[in-house]
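Participant: Here it is, the structure in full.
The values are calculated or read from the model by the stated rules, or taken from the named source; none is laboratory data. These numbers come from a predicted model, not from an experiment. So basically every Cβ, Gly included, is an ideal-geometry build from the backbone, and we count neighbours across all protein chains shown.
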Amino acid sequence: MITLIWLELQKMFRKWRTYIGFIAIGFLAIVVQVALYFTGSKMIDFQMRGIEQSFIMVGNLFNGYFIARFILMALIIHIPFLIVIVGGDLLSGEATAGTYRMLLTRPASRFQVVTAKFIAGWISVLLLLVWLMFLSLIVSLLLFGSGPLLSFQGMKLVIIAQNDILWRFLCAYLFALISMSTVISISIFFSSFVQNAIGPIAATMAVIIIFLILSAIPVDFFQTIKPYLFTNHMSQWDGFFSDPVDYSDIFRSVWYLLAHIVVIYGITTYIFIKKDILS
């Protein structure tokens with residue numbers, strides 16, 4: 001299985017489309033950091049107006065942690081667009097290249113093949129988020145220094161002490177890994193039906209957009225099904241920057257997302273095992 005996963009990763013990173021996400025995140029993160037370096041202090045002043053008349057704020061408030069959370073909030077909603085580019089090609093790419101027969105003449109079973117592709121897809125998500133964490137968190141700390149984190153939760157201002165921040169970012173990125181793994185699993189699922197990667201990419205994004213729209217419609221029926229839509233749980237990573245952290249909501253979202261991943265993986269595996277790929 002390890003050999004299969006390694007082969008899938010090699011095939012994945014030989015394709016230029018795999019690097020689109022890394023390039024896009026690198027470009028956007030650097031642009032945001034440069035822009036905030038010169039003008040970002042005005043953001044703190046704007047958000048703190050009214051509060052500073054009642055409280056005296058000291059310390060480096062415009063620091064790397066503030067920038068890292070800002071970048072994470074700005075980019076995390078767009079990462080699914082970058083992830084499906086890879087996931088949509090994992091199975092359909094074999095059909096396009098006509099390599100299914102050659103792939104399945106190896107001793108590995110169909111179950112092992114599809115499992116290796118899922119694991120390779122999840123690893124690609126992990127690497128993309130590690131890249132984002134490096135640029136948004138580590139580079140921002142080097143450029144802007146450290147300090148307490150100002151977390152605005154609606155009308156509520158939460159000030160998180162410097163020694164209480166790092167674990168929150170690590171947990172937020174771990175949650176983002178589960179969330180984005182759900183997205184790439186859906187794209188792999190759609191990829192099992194077709195012979196072109198465009199269809200799975202478009203279908204996955206359509207599902208995400210439709211679910212987001214349904215969640216926003218103020219109708220009782222849609223509000224009833226909203227808790228069961230995976231899109232309703234994808235943004236719970238931000239809960240780690242509340243004080244106190246509502247672990248019950250976070251763990252509920254984690255279980256919903258993991259359940260989606262398991263079900264999607266199971267259905268895709270069944271379809272792939274039963275699929276007539278030799279005709």
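Participant: Among SER253, SER215, which is the only one that is buried (at least 17 other Cβ atoms within 10 Å of the Cβ) and hydroxyl-bearing (Ser, Thr, Tyr)?
Facilitator: Answer to the selection: SER253.
Participant: Determine whether SER124 is polar (S, T, N, Q), in a helix (DSSP H, G or I), in contact (Cβ under 8 Å) with a residue 60 or more places away in the chain and over 22 Å from ILE184 (Cβ atoms).
Facilitator: It is false that SER124 is polar (S, T, N, Q), in a helix (DSSP H, G or I), in contact (Cβ under 8 Å) with a residue 60 or more places away in the chain and over 22 Å from ILE184 (Cβ atoms).
Participant: Restricting the search to the range 227-258, which residues are over 23 Å from PHE70 (Cα atoms) and out of contact with any Phe, Trp or Tyr (no Cβ under 9 Å at 6 or more places or on another chain)?
Facilitator: Within the range 227-258, SER248, PHE251, ARG252, TRP255, LEU258 meet the criteria.
Participant: Going residue by residue through the range 181-202, is there one that turns out to be without any contact (Cβ under 8 Å) to a residue 24 or more places away in the chain and either of a type in the set (A, V, I, L, M) or surrounded by 13 or more Cβ atoms within 10 Å (Cβ to Cβ) (or both)?
Facilitator: Checked the range 181-202: at least one residue is without any contact (Cβ under 8 Å) to a residue 24 or more places away in the chain and either of a type in the set (A, V, I, L, M) or surrounded by 13 or more Cβ atoms within 10 Å (Cβ to Cβ) (or both).
Participant: Filtering the range 137-157 down to residues that are closer than 10 Å to PHE66 by Cβ and of a type in the set (A, V, I, L, M, F, W, C), which residue is modelled with the lowest pLDDT?
Facilitator: Looking at the filtered set, the residue picked out is LEU150.
Participant: Scan the range 227-245 and tell me whether some residue there is surrounded by fewer than 13 Cβ atoms within 10 Å (Cβ to Cβ), closer than 19 Å to ILE188 by Cα and of a type outside the set (Val, Ile, Thr).
Facilitator: No, every residue in the range 227-245 fails to be surrounded by fewer than 13 Cβ atoms within 10 Å (Cβ to Cβ), closer than 19 Å to ILE188 by Cα and of a type outside the set (Val, Ile, Thr).
Participant: Here's something else I'd like to know. Check the range 254-270 and report whether any residue there is farther than 24 Å from LEU174 by Cβ, among the aromatic types (Phe, Trp, Tyr) and free of Cβ contacts under 8 Å to residues at least 60 places away in the same chain.
Facilitator: Scanning the range 254-270, I find at least one residue that is farther than 24 Å from LEU174 by Cβ, among the aromatic types (Phe, Trp, Tyr) and free of Cβ contacts under 8 Å to residues at least 60 places away in the same chain, so the answer is yes.
Participant: Inspect all residues belonging to the range 157-178 and state whether any of them is in contact with a Phe, Trp or Tyr (Cβ under 7 Å, 6 or more places away or on another chain) and under 19 Å from ILE264 (Cα atoms).
Facilitator: yes
Participant: Are any of the residues in the range 160-171 modelled with pLDDT of 85 or more and within 21 Å of HIS260 (Cα to Cα)?
Facilitator: yes
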